[in-house]
Structures are given as C-alpha cells and as structure tokens.
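First the structure, in the form of structure tokens, and then the observations on it.
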Amino acid sequence: MMQIIGLDISKASVSACLLLEKPTEPRQFYYDSDFYKFDATAAGISGLLALIGDIPTVAVMEPTGVNYSRLWGTQLARAGVEVRLVGHKELRSFREHHLGLPDKDDDADALALAIYGWDYFDVPRRFVQVRSQTVVEIRRLVLRLAHLNRVQSPIINRARQDLAWQFPEAALVRSVRSGERVPLLWGWLCGQRQSVKYDLMLEKSIGLGITDELRRHAARICDLQREEMLLEFQLSKLVSQPQFLPYRKVFARFGFGRRVEALLLSQIYPFENYLGADGKPEVKIRKGRKSGKPTKRHLSLRRFMKALGCAPSQESSGDLQKSRVVGGSDLCRKALWQWVFTRIEPSRCRLKNDIGDRLGAIIDAEKLNKRS
C-alpha cells in the first residue's frame, strides 16, 4: 500500500492533498473533498507528519527556490518520506489541460501535484532531478554569490557618482580584491587599508572633499567583498572534490572561471542523467514532418542544452517562423553569453586551442556578415 501527498508551498504555510489512489473525476474531487493546510511551525510540521502516518508515502511538490520548499522537503526526508519535484511549467500544463481544474489556487495545485505523482510515478524523467547534498550546497553558494553581486552593483554605482564630485581622479579607478584583502580604493576610503598613492592624489584633487556618507558606502562594499571571499573559499573546497575532477578538466579547456565552473556543475552534475538507460547518448530516428525522411533526434543533447538554458523552442504560425529559448537556467545562459563575449569574441583574449579556433571562426564570420 502506498499514498501520494501533493504539497503546494507558500511563504509560511503548505496546502496538502493526500491520495490513497487516483480520483476518477479530479474536478469533482476538487469541489467535494477537504484539503489540509499547515503553518510553518513545529505544530504544522507535526500535523503534516501525523496526517501521513506510517504508510509509505511519496511527497510531490514544486521546487520553489531554495527557501520555502527546503524546510518542508528536509523535514519530510528526515521522516522517511520520498520527495519528488515537479517543474512549474509542467505542473501548470498538467493542471489546465490534462485535469481541467479551475483557476489556479493552492488546493488545485496540491491536487494536481498528487495526481501528477500517480500518473508518472514510474517515469523518473517527468520529475526534476534530485541533486546530491554536495551539489545542493554548491548551488546555494552560487545563488548567494549572484545575490551579493546584485546587491553590490547599485552601491558601487552610487559611490562612483559621489566620487565624481568629491574625488574625481579616483571615480573611474577599477579596484579589485588582492588575495584576502578588500579592494584598495574602497578599503582606503573607509579607513580599512592604507595607501600613500591615494593620500597624495587626494591632496592634489580638484574635488570638493570626501563625505562620511561615501565612506559608509565604501565600508558596505568591503563587508560584501569579505562575505564574497568567504563564500568563494567554501565553493572552492566543494568543487575540488574528486568526483568533479573529470568535469573540471573539460571546463579548463573552455577557460571557465571558478564561479562559472561551480554554476555549471550545480546544473549538469551528474552527466549520466542526460544519457539513456545503456549509458550512451539517446538518439531516436523519426520521420521528418516536412521532409518525410528518417531524421535523427538527439534527445540527450537537447536535454543537456535545455538544462543550460540553451535549447530553442519553435514558435511558428502560418508564414511566421521563429524560435525562442524557454526553460532551463537563466544564470547558466547569462554566464555562457558573457563567456562568449570575454573569451571568444575579442581576438586578443581568445582561447589558444581548438575550441577557441572553431568558435572564434564562427564569431568572425558572423561579424563579417554583420549578424553579431
């Protein structure tokens, strides 16, 4: 005997739908049955576990970031409940088109999740892959670093605007970390580092003088930089583990930095998830819709590209033919885009290997034809 519980997670609560079997009329079940709601408290966790009882259970939920679902998923896993995740896009399509449930609400989502679990219990690819604890931690650190980068940018921009009239000679200086020390310019402005160079520049400056407000901005930047250093140290230890060595050897040929390495690892590890049951790339031959000829469909490659946010989806109607990228990781797509324009596009920085040569030739051809 087995049961499946669908959990729709909110900021401080969860809506639950427990099914011992799949309902024959989901729409009627939605109107007739009682749903459960538990708050994110000790009593709420206890109530959810009491509802599940001792029957083998699979909990199905959406991967709502690393904040909301993490609490409930961890508590359920500790209680011996198997946790499976369903993508947002897949659930929305399943609820609207397969079940015909009414407008979206927490109970409808919980019911859809539970029925999805019953329908696709034996089809693992229908669920979001469950990552190892190490990969989960790598992903958490990568997202945290991305957050710190977003937080710093407006503070640095504001500080540079203030420097433009307080100390214009330093307004455009690119100051970066040196080892474990904060950037010299910002550290000097807030009194955390000494610099004879900036002391002399300030004496001769045409600016109106440095304010306390700017020094506080510099101190904030230094605090954020120290937090970045700590996270990067933790990240370096994790990605240096032996199981990631084959991946990092490949990444080295592309000239990826440590942050990009970690980001890609958090998304694609283990690589075997994209292969077929025989451990080889999954390729199917199907008749082409237009040509009518046998055509190879590289399914493993497409799944891999989609995970990285690089798989286009076709959107055609009548004479209009177009495609756009949907799904996958926005962070990976952005990181790869930045890599192209820092390591491939500028010829002076281009990789000195076959990868740089091949991709560089493509970029150069696009530029020659004014398409890039």
With respect to Glu232, determine if the residue is under 30 Å from Gln133 (Cα atoms), at pLDDT below 95, touching a Lys or Arg at 6+ places or on another chain (Cβ under 9 Å) and surrounded by 11 or more Cβ atoms within 10 Å (Cβ to Cβ).
yes
Is it true that Glu227 is closer than 19 Å to Gln161 by Cα and acidic (Asp, Glu)?
no
Give the number of residues within region 91-116 that are out of contact with any strand residue (DSSP E or B) (no Cβ under 9 Å at 6 or more places or on another chain) and of a type in the set (Asp, Glu).
2
Subset of region 38-86, residues touching a residue at least 60 places away in the same chain (Cβ under 8 Å), surrounded by 14 or more Cβ atoms within 10 Å (Cβ to Cβ) and either aromatic (Phe, Trp, Tyr) or closer than 23 Å to Leu331 by Cβ (or both), comes to Pro63, Ser69, Trp72
Would you please name the residue that is surrounded by the most Cβ atoms within 10 Å (Cβ to Cβ), looking only at residues in region 244-295 that are polar (S, T, N, Q) and touching a residue at least 12 places away in the same chain (Cβ under 8 Å)?
Ser266
Criterion: in a helix (DSSP H, G or I), charged (D, E, K, R), free of Cβ contacts under 8 Å to residues at least 24 places away in the same chain and within 28 Å of Glu261 (Cβ to Cβ) - qualifying residue of Arg174, Arg150
Arg150
Would it be correct to say that Ala59 is assigned to a helix (DSSP H, G or I) and of a type in the set (A, V, I, L, M)?
no
Unique residue being closer than 25 Å to Tyr274 by Cα, at pLDDT below 90 and surrounded by fewer than 14 Cβ atoms within 10 Å (Cβ to Cβ) when the list is Gln321, Gln314:
Gln314
Evaluate the following for Ser372: is it assigned to a loop (DSSP other than H, G, I, E, B), among the hydroxyl-bearing types (Ser, Thr, Tyr) and modelled with pLDDT under 90?
yes
Tally of residues being farther than 12 Å from Leu163 by Cα and either in a helix (DSSP H, G or I) or touching a helix residue (DSSP H, G or I) at 6+ places or on another chain (Cβ under 7 Å) (or both) across region 195-211:
8
Flagged in region 167-210 as closer than 30 Å to Leu230 by Cα, loosely packed, with under 11 Cβ neighbours inside 10 Å and of a type in the set (Val, Ile, Thr), in numbering order, are Val176, Val196
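The values are calculated or read from the model by the stated rules, or taken from the named source; none is laboratory data. The structure presented is a predicted model; accordingly, all values stated were derived computationally and were not measured. Every residue, glycine as well, gets a Cβ built from its backbone with ideal geometry; the counts of neighbours run over all protein chains shown.
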